[in-house]
Structure formats: structure tokens, C-alpha cells
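The values are calculated or read from the model by the stated rules, or taken from the named source; none is laboratory data. Quantities reported herein were computed from a predicted structural model and do not represent experimental measurements. Here the Cβ positions follow ideal geometry from the backbone for every residue, glycine too, while neighbour counts run over all protein chains shown.
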């Protein structure tokens, strides 16, 4: 029989938490090895960044949802960190297989990569809890429970001062690396992608414009694809 | 995978997207 929305949400939350029980809140041995294999070990930067972003996230969550909800913000962040480590490890294993390399120093020392990945993990967690939802006009902040729309995507981008263009880069790899994501969550991330592609990435100040300018100046823009493709 | 369209080619991955050739 079809589940009620409450039952469906509770099931999703149980599945997410169950999935992440075996994932630690610290880098696993495998992930720590990837960090140590880097030309510059990113471990300390990763941990420091998580501490800072955790405080920022919890405070902003409390501001958006209610001061008594800062504790829930910390819970969401803790789950997000577990998912972040889990997906990062899966991504690196996949890249190691694809590229036959074990030193991912440039990637793992890129703070934008880490912020994007963490933001995606948190978006998954908040979507699972129903806090980030495009139903009831979430993105346009129209209708529905005000608390549910206040942390709806792209709220997380503002919290982390993250460009939508950079967040977009991790979405597909995230979905590939975490096959246990539910249909609803994948749909949610796909909607985030579409929003970015159609609107947010084209806002003033997006890094996309500078990249397009660089591509144009390098002559790459001459290779134009026919409209059919 | 739930009708999601995977656009990255076999030679493309997170390393290329973050300019880590």
C-alpha cells in the first residue's frame, strides 16, 4: 500500500541513517591513505574546514528554521559529514581505477571541491528530512511551511559562499558514487542541476562568464557544434 | 539509475571537472 508522506519520510531517514552508521565521522583508513599519498597532505585542512563550516551551517540553520533548531543543524551536519567522507572515498576509488593514479593532491587540496561535495551531501540530508524540497514552490519561496522553504536549495550555496557552477560539477559524480540514493533524492539533485543550468549559473558574478571568455580568447569557441547535437 | 541522465563520457570525471589533469 502507498505510504503516507510522514511514513515515507521516516523510512527515507531511517535508510539514510542506517546507511551511514558504518561510515565514520572521521576519514576511513582507505581515505586517510589517499590523503597521505598526496604531494601535500590535505588532512589538516579538511578537518579544519569541516569544523568551521559546521559552525557556520548550524548557526545559519538556526537562523533559518528557529533558534531552538541549531541542535538539529548540528545533527544534519554530522550526517552530512559521514556522507561526504563516504562519497569522497567512492569517487577516489573510481578515479584511481579510471586514471590509474593514486596521488590526487590537486583535487584533494582544492577547497572548492570539498565545499561542493559537502554541500551536496548536506543537500541530500536536508532533502531526506524534507527541509529542502521543491514541492510547494520551495525555490520560489511561495506557499508551504515557511520553515521548509527557508533552507531549500540554493540556500546551501549562500551558506558556504559557493558558486552554483562549482556545486554543479559534483552532482553527477555524487550520484554515480552513491547508488543507494533513493529515486526522490536523485530527482531532487537533478532538479538542483536544472536550476543551476537554466538560471543560477548565469547570474552576475558567476565564474562561468570568465571561463567562457577564456575559452573564446583561446579560440576554442571556433569549434561550434551543429544545432542538431 | 532512476532515469537520471549521466552526461559524462568514459574519459571524463571529477578530476577533469576541477581541472586536475
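Please go through the stretch A:181-212 and give me each residue that is under 11 Å from residue A:124 (Cβ atoms) and in a loop (DSSP other than H, G, I, E, B), ordered by number.
So the first thing to find is which residues in the stretch A:181-212 are under 11 Å from residue A:124 (Cβ atoms), and the list is A:181-182, A:184-186, A:188-189, A:192.
The answer is A:181, A:182.
Conditions first: (1) under 24 Å from residue A:151 (Cα atoms); (2) at pLDDT 90 or above; (3) surrounded by 11 or more Cβ atoms within 10 Å (Cβ to Cβ). Residue A:52 passes all but one, so which condition is the exception?
With (1) under 24 Å from residue A:151 (Cα atoms); (2) at pLDDT 90 or above; (3) surrounded by 11 or more Cβ atoms within 10 Å (Cβ to Cβ) applied to residue A:52, the lone miss is (3).
Here is a list: A:35, A:77. Which entry is closer than 20 Å to residue B:13 by Cβ, assigned to a helix (DSSP H, G or I) and in contact (Cβ under 8 Å) with a residue 40 or more places away in the chain?
Among A:35, A:77, only A:35 is closer than 20 Å to residue B:13 by Cβ, assigned to a helix (DSSP H, G or I) and in contact (Cβ under 8 Å) with a residue 40 or more places away in the chain.
From the list A:58, A:23, exactly one residue is modelled with pLDDT of 95 or more and surrounded by 15 or more Cβ atoms within 10 Å (Cβ to Cβ). Which is it?
A:58
Does the stretch A:51-66 include one or more residues that are in contact (Cβ under 8 Å) with a residue 24 or more places away in the chain, touching a helix residue (DSSP H, G or I) at 6+ places or on another chain (Cβ under 7 Å), farther than 18 Å from residue A:129 by Cβ and part of a loop (DSSP other than H, G, I, E, B)?
The answer is no, given that none of the residues of the stretch A:51-66 is in contact (Cβ under 8 Å) with a residue 24 or more places away in the chain, touching a helix residue (DSSP H, G or I) at 6+ places or on another chain (Cβ under 7 Å), farther than 18 Å from residue A:129 by Cβ and part of a loop (DSSP other than H, G, I, E, B).
Just to be sure, is residue A:165 at pLDDT below 95 and either surrounded by 21 or more Cβ atoms within 10 Å (Cβ to Cβ) or within 11 Å of chain B (Cβ to nearest Cβ) (or both)?
Judged against the criteria, residue A:165 is a match.
Given the conditions (1) surrounded by 13 or more Cβ atoms within 10 Å (Cβ to Cβ); (2) in contact (Cβ under 8 Å) with a residue 40 or more places away in the chain; (3) touching a helix residue (DSSP H, G or I) at 6+ places or on another chain (Cβ under 7 Å); (4) within 14 Å of another protein chain (Cβ to nearest Cβ), which single one is not true for residue A:191?
Failing condition for residue A:191: (3).
May I ask you to list the residues in the stretch A:92-126 that are without any contact (Cβ under 8 Å) to a residue 60 or more places away in the chain, assigned to a loop (DSSP other than H, G, I, E, B) and facing chain B (nearest Cβ under 10 Å)?
Once the filter is applied, which keeps residues that are without any contact (Cβ under 8 Å) to a residue 60 or more places away in the chain, assigned to a loop (DSSP other than H, G, I, E, B) and facing chain B (nearest Cβ under 10 Å), the stretch A:92-126 yields A:101, A:110.
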